[in-house]
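Here the structure comes first, spelled out in structure tokens, and everything after it is commentary.
The values are calculated or read from the model by the stated rules, or taken from the named source; none is laboratory data. Everything quoted here is computed from the prediction, not taken from an experiment. We place every Cβ from the backbone using ideal geometry, glycine too, and count neighbours over all the protein chains shown.
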Amino acid sequence: MDDCFNSKDLKVCARCKCASYCSTDCQKKNWEKHKPVCNYNTAQTACADGEPLLQRNLRNWAARFDTTLHHVCIRSLNLKYEWDNIGEGGALVLFMEPRPHPNAGARWRIHHAAIFRNEDILAVLEHHHLARDYRDDVLPLHQ
């Protein structure tokens, strides 16, 4: 806590393991400040199987909407009529954000969707030093 300078026998927050307190009283006094940080830290920690929680929620979301996503891709890229252009037109990119929801398969929402050329996607990924996997694993599927 900000106004407590007791540094002996500190106990960590049982939930996120990131904040330290000298007593239960100090922990209770600081809870309103610590709660959002605690929630964020808890959400970011790896699950028992080692998979980060947000990644697991995204995997569940993708599994839940798998068929819908296939139909959206086919329509947005006009693959019904232009199948030969499957690798030429680029890719449908979903801009997503996490959201609270009791169902793990619904903990993401699509904020925006757009079609981008593969070159543009690669340029963004290169800027963030993430291009190798896209270049090695995704692009060969479209050649």
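Sub-8 Å Cβ pairs linking a first residue in region 25-39 that is touching a residue at least 60 places away in the same chain (Cβ under 8 Å) to a second residue that is hydrophobic (A, V, I, L, M, F, W, C) and in a helix (DSSP H, G or I), at least 6 apart or interchain, number zero. Taken over region 52-85, the criterion of being at pLDDT below 90, more than 19 Å from Thr42 (Cβ to Cβ) and surrounded by fewer than 13 Cβ atoms within 10 Å (Cβ to Cβ) is satisfied by His70, His71, Arg75, Asn78, Lys80, Tyr81, Glu82, Trp83, Asp84, Asn85. A single member of Arg132, Arg109 is of a type outside the set (A, V, I, L, M, F, W, C) and over 30 Å from Asn39 (Cβ atoms), and it is Arg132. With respect to (1) under 22 Å from the mean Cα position of the chain (by Cα); (2) under 29 Å from Leu53 (Cβ atoms), the lone exception for Leu141 is condition (1).
Taking the conditions (1) surrounded by fewer than 13 Cβ atoms within 10 Å (Cβ to Cβ); (2) at pLDDT 85 or above; (3) of a type outside the set (Asp, Glu) in turn, Ala48 satisfies each one other than (2). Exactly one residue among Arg132, Arg107 is over 17 Å from the mean Cα position of the chain (by Cα) and either under 30 Å from Arg15 (Cα atoms) or at pLDDT 85 or above (or both), and that residue is Arg132.
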